[in-house]
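The values are calculated or read from the model by the stated rules, or taken from the named source; none is laboratory data. None of the values given here were measured: they were computed from a predicted structure. Heads up, the Cβs are rebuilt from the backbone with ideal geometry, glycines too, and the neighbour counts pull from every protein chain shown.
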């Protein structure tokens, strides 16, 4: 509180041209230690001018009139006899910040400066450090989230989503790492934007699945209904519009960015894009891409290494496939929520013989 009072006093004296060289030096020191003070001082100066507070030789009288206008009931001007000419009279600002006056007139006298000082500090902090919420899941876990606008998000295992505590800006933006299914609340005035490592997605109101794990080969977007505009992070001018039932696959760049500064050849296949269709199964024509939201994993002619990645997230284990040719062996299978890892591996083993061992959370698959 004492530091705030002192800074307010120094700013007041500076604005009224009453600060001594020592006080200006002290204020400069505060600004050097707190660079954000410069902008706040400028904001206060503008408010000061708008409120009609003069910075001329009549500053004292102008400020006194302003305080009277702020609060006639609280402010009482000092009517004691004028001091001897030998003793210079302190300015009103200095009097106000003397303990006896500040205690009595803290709200009325310092309100103009202190209020805007605190408001500008709050606004500044909110701009620099927005309040974000982060929800993350471990492998083997899932989460359901309702965003501030009412949009629903289902978060798969080993995933993370970050979003603002409120959507006050012109857009509703979230950052995703991992896999999530979105049901976006429709709002034509505020597009919903999802940022992943490779792509950005822009929607108004729709349902879709996004899969963007750093350690996988592709980023995948599957649209259930509505419409999505997809752009590549490294090629924002390229826009792809998805229709219901369509799926977009984008090749992930390596996570290691040590050579990111090197210019790539135009024909380099670093951003292979494949537009395909979603796959369906069952009598109700459920789609495979979002089967995980129904506590199922459905694989149709999938290579074992890709199945293993899903099993790792599902059971929170680490799987090593010792043989390269075995990694590419393809399987069709369905994993239900209550199935055990051993049971599922036994089913795959019967389909195409291989050996596996499980120790703690380490799984090794060999020929």
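In segment 193-217, what count of residues is obtained for those that are in contact with a strand residue (DSSP E or B) (Cβ under 9 Å, 6 or more places away or on another chain) and over 17 Å from residue 248 (Cβ atoms)?
Here is the first cut: in segment 193-217, the ones in contact with a strand residue (DSSP E or B) (Cβ under 9 Å, 6 or more places away or on another chain) are 193-214, 217.
Filter once more, so that each one left must be over 17 Å from residue 248 (Cβ atoms): 204-205, 214.
Going through segment 193-217 one residue at a time, the tally reaches 3.
Considering only residues of segment 204-225 that are over 15 Å from residue 242 (Cα atoms) and in a strand (DSSP E or B), which is nearest to the chain's Cα centre (by Cα)? Can you show your working first?
First, pick out the residues of segment 204-225 that are over 15 Å from residue 242 (Cα atoms): 211-218.
Filter once more, so that each one left must be in a strand (DSSP E or B): 211-212, 218.
Details: 211: 19, 212: 17, 218: 24 Å.
It comes out as 212.
For segment 349-367, name all the residues that are under 19 Å from residue 301 (Cα atoms) and not in a loop (DSSP other than H, G, I, E, B). Outline the logic, then answer.
As a first pass, look at segment 349-367 and keep what is under 19 Å from residue 301 (Cα atoms): 349-354, 365.
Residues satisfying the conditions are 349, 350, 351, 365.
Hey, any hits in segment 309-316 for a residue that's surrounded by fewer than 18 Cβ atoms within 10 Å (Cβ to Cβ) and on the phi > 0 side of the Ramachandran plot?
yes
For segment 233-249, give me each residue that is within 25 Å of the chain's Cα centre (by Cα) and at positive phi.
Of everything in segment 233-249, nothing turns out to be within 25 Å of the chain's Cα centre (by Cα) and at positive phi.
List, please: which pairs have Cβ atoms under 8 Å, are six or more places apart or on different chains, and start with a residue in segment 15-27 that is surrounded by 15 or more Cβ atoms within 10 Å (Cβ to Cβ) and end with one that is assigned to a loop (DSSP other than H, G, I, E, B) and modelled with pLDDT of 75 or more?
Listed pairs, sorted by first residue: 27/19.
Which of the residues spanning segment 148-175 are within 21 Å of residue 186 (Cβ to Cβ) and either in a strand (DSSP E or B) or in contact with a strand residue (DSSP E or B) (Cβ under 6 Å, 6 or more places away or on another chain) (or both)? Spell out how you get there, then give the answer.
Within segment 148-175, the first condition is being within 21 Å of residue 186 (Cβ to Cβ), and the residues that meet it are 148-154, 161, 163-164, 166-174.
Within segment 148-175, 149, 152, 153, 154, 161, 163, 164, 171, 172, 173, 174 qualify.
Just to be sure I understand, how many residues within segment 176-197 are surrounded by fewer than 21 Cβ atoms within 10 Å (Cβ to Cβ), in contact (Cβ under 8 Å) with a residue 24 or more places away in the chain and part of a loop (DSSP other than H, G, I, E, B)?
Here the count works out to 4.
Just for strands (runs of 3 or more DSSP E) wholly inside segment 266-348: which have at least 1 residues that are more than 21 Å from residue 224 (Cβ to Cβ) and either free of Cβ contacts under 8 Å to residues at least 60 places away in the same chain or assigned by TED's automatic domain parsing to the domain that holds residue 246 (or both)? If you could, list the steps in order and put the result at the bottom.
On the way: elements: 273-277, 296-303, 318-321, 330-336.
Per the criteria, 296-303, 318-321, 330-336.
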